[in-house]
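Here's the structure, in structure tokens; my notes come after.
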Amino acid sequence: MSKSLVCEMTESEYRSLPALNASRFKAFHRSPFHFFNQKEVETTEAMKIGTAIHTAMLEPSLYHSEIGYLPDVDGRTTEGKAIKKAFEEHYAGKTILKAASKDVVERACTAITYSPEWREIKGTQGMRYEQVLMCDLHDVACKSRLDLLDVERGIIRDIKSCDDANIENFKYTVKDRLYWLQAGFYTLMAEKVFDRKFNFEFIAVETSEPSSALFHAVDEQELDRWKNLVDILLLEYSDCLKADYWPKPKNSVLKDLYIK
């Protein structure tokens with residue numbers, strides 16, 4: 001891939017693109033060996049809830065056609081089995097959640113919708129939703145699908161569902177789930193594509209009751225630190241790719257760095 005690309009596409013179209021994305025790249029932080037041998041991650045109910053929240057907030061016109069909630073029926077009865085079968089056939093290839101998850105999704109979406117920050121975002125002209133970027137980083141074809149992209153103001157925003165949106169607890173989630181790597185990856189790509197500096201902001205929304213949504217802007221120096229770490233990993237990945245060599249974990253200066 002020699003040129004940058006900015007476009008919109010469906011989730012399935014995006015997944016089919018032959019390029020490295022941040023979610024898959026997270027395994028490389030553990031080691032090249034773990035990256036190369038990683039298996040397809042089983043979709044959990046929590047992941048489905050996150051998908052439903054994203055669809056409702058960023059692609060509301062697709063919500064009812066792409067997201068389905070299993071009817072609360074007794075699957076042991078003949079009638080219940082028939083209802084469940086018909087439902088699954090209707091939503092084949094779509095995201096199907098448990099009936100109880102509907103309240104979780106709606107509560108989380110309400111928390112975001114009624115926040116003053118979200119109302120300001122919705123009133124901002126030029127805001128791009130679910131924007132796909134493609135470009136080369138260190139000769140590696142990369143892709144990303146950004147939740148919210150404000151090119152004019154240089155801001156990337158990413159919605160993350162969590163148990164606790166309080167900053168003191170959410171920062172541990174950022175470290176544990178490698179959200180910092182994802183943020184660095186996204187920012188490097190946006191800066192390459194648009195040739196300008198970007199800031200990054202997490203929209204942390206709680207799935208626990210009662211739900212609240214908090215907007216956390218990443219400190220500029222911290223974001224630069226994340227980008228530098230991702231850049232180092234991408235250089236290592238590029239070397240592994242060219243040599244087709246995927247070594248097991250070893251001690252390195254990168255693993256000794258603490259992500260705040």
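Quick note: the coordinates plus some simple rules give every number you see, no bench work behind them. Note that this is a predicted model, so its numbers are computed, not measured. Note that we place each Cβ from the backbone using ideal geometry, even for glycine, and neighbour counts take in every protein chain shown.
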Row for segment 1-46, column shape: gyration tensor on C-alpha, a ≥ b ≥ c, rounded if a/c < 1.5 i.e. under 1.5, prolate if a/b over b/c, else oblate; value oblate
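Please tell me the relative contact order of the chain in percent, rounded to the nearest whole number, where contacts are Cα pairs under 8 Å and at least six residues apart.
Relative contact order here is 23 percent.
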Restricting to Cα pairs under 8 Å and 6 or more apart, the percent relative contact order of segment 43-113 works out to 41 percent
The alpha-carbon center of segment 129-162 and that of segment 167-182 are separated, in whole Å, by 18 Å
Toy charge model, Lys and Arg Cβ at +1, Asp and Glu Cβ at -1: the chain dipole around Cα centroid in debye, rounded to 20, equals 580 debye
Taking every other residue with Cβ under 14 Å from the Cβ of Pro60 and scoring Lys and Arg +1, Asp and Glu -1, one gets -4
Here segment 240-245 yields Karplus 3J(HN,Hα) values (6.51, -1.76, 1.60; θ = phi - 60°; whole Hz; Gly and Pro given as x) of 4, 5, 5, 8, 6, 10
About its Cα centre, segment 81-206 carries a charge dipole, from +1 on Lys and Arg Cβ atoms and -1 on Asp and Glu Cβ atoms, whose size in debye to the nearest 20 is 440 debye
With x for Gly and Pro, the residue-by-residue ³J(HN,Hα) of segment 134-145, computed from phi through the Karplus equation 6.51 cos²θ - 1.76 cosθ + 1.60 at θ = phi - 60° and given in whole Hz, is 9, 6, 8, 10, 6, 6, 10, 5, 10, 9, 8, 10
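If a/c stays under 1.5 just call it rounded; otherwise compare a/b with b/c (prolate if a/b is bigger, oblate if not). Do that for segment 43-113, with a ≥ b ≥ c from the square roots of the Cα gyration tensor eigenvalues.
prolate
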Treating only Lys and Arg (+1) and Asp and Glu (-1) as charged, each at its beta carbon, one finds that segment 1-144 has a dipole about its Cα centre, in Debye to the nearest 20, of 280 debye
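Past 26 Å, Cα to Cα, is the threshold; run Lys98/Lys171; Lys3/Lys197; Lys48/Lys84; Lys3/Lys242; Lys39/Lys192; Lys160/Lys248 against it and keep the listed order.
Long pairs (Cα-Cα over 26 Å): Lys98/Lys171; Lys39/Lys192; Lys160/Lys248.
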Of the candidates Gly68, Ala108, Thr78, the farthest towards the positive dipole end of segment 43-113 (Lys/Arg Cβ +1, Asp/Glu Cβ -1, centred on the Cα centre) is Thr78
Between (1) 58, 42, 36; (2) 49, 44, 36; (3) 48, 40, 37, the structure-derived Cα extents along the principal axes in Å is (1)
Between the residues Ala243, Gly184, His216, the Cα farthest towards the positive end of the dipole of the chain, that dipole coming from +1 and -1 charges on the beta-carbon of Lys, Arg, Asp and Glu, is from Ala243
Tilt, helix 101-113 to longest principal axis of the chain (alpha-carbon atoms), in degrees rounded to tens, equals 60 degrees
Per the C-alpha gyration tensor (a ≥ b ≥ c, the square roots of its eigenvalues), segment 119-188 is rounded if a/c is under 1.5, else prolate if a/b beats b/c, else oblate; here it's oblate
